[in-house]
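Worksheet for the structure shown next.
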Amino acid sequence: MARHGSKRGWYAKVGAAAVGVTVLAAGASVWTAQAGAVPDASPRPAASAGQSAVKPVAVTIAHSSDKGTSGVNITIDDGPDPVWTPQVLDVLREYGVKATFCMVGTQAKAHPDLVKKVVAAGHRLCDHSVSHDTTMDTKSEAYQSQQILDAERMITEASGGVRPMYYRAPGGAFTPYSRKLAASRGMRPLGWNVDSKDFERPGTDAVVATVEQELPNGPTLLFHDAGGDRSQTVEALRLLLPRLKEQGRTFGFPVR
């Protein structure tokens, strides 16, 4: 699961939109993917979404599919976006595919109608932090907590009460603390096996080729529905979804 390092321009704008929502705090923590001791990560009640009981989930980073060895998980990051999310939803509906949408908190708050459409179509929600700070693993636990829990609240409110089932750290910047915090809120830490590289806009054919070449790495595929022109993503999905079905693949969700 590689880090993303090519999104800073667009996310500078997202970060600016999140000023006043998050509190910047200095500190350091080490990124460990799935192993090692995990420190205490009790949620801050004031920032959490809702007061109902939440069932904790595993703290390890999920990559597998609930459909087993033939499964494929489509995950869509960084939205919702008023231009591209509806087009992605249309393609998914056309081929009868359900996906997991990893939403940035400020985007969800700005477009609650789209969050509700995602839920109504049977897709799952994932917390992708408030402002997509790919250096979260170098920040204090207080900062990580606010990024995760405020985004959880924003997404839940925008959806009309449906909570995110996963947490994907921006750029894969997980820490033991952030994994345990998310898991304690019922959000399974979510990784990826195949980065389609669609964010770089290399061309539709290149996106398709990358997915096909890297699919042996595992079932969880990473795409984007925000951060610029996502027409290549839409067209790549239009080509890939029927092709994967023809290969006997079954579309599912990441394990929880």
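Sorting Trp192, Trp84 by accessible area puts them as Trp84, Trp192; the probe is 1.4 Å, largest comes first, and only protein heavy atoms count.
For the range 161-256, rounded, prolate or oblate, judged on the Cα gyration tensor with a ≥ b ≥ c (square roots of eigenvalues), a/c < 1.5 rounded, else prolate if a/b > b/c? Cα axes put the range 161-256 in the prolate bin.
Cross-link pairs exceeding 25 Å between alpha carbons, from the set Lys180/Lys245; Lys98/Lys139; Lys117/Lys180; Lys98/Lys197: Lys180/Lys245; Lys98/Lys139; Lys117/Lys180.
Once you reduce the range 182-251 and the range 73-122 to the center of their Cα atoms, the two points are 14 Å from each other. The mean accessible area for residues of the range 76-224, using a 1.4 Å probe and ignoring ligands and nucleic acids, is 29 Å² per residue.
The values are calculated or read from the model by the stated rules, or taken from the named source; none is laboratory data. Since this is a predicted model, take the numbers as computed values, not measurements. Calculation scope for accessible area: heavy atoms of the full protein, side chains included, ligands and nucleic acids excluded. Shrake-Rupley method; radii C 1.70, N 1.55, O 1.52, S 1.80 Å.
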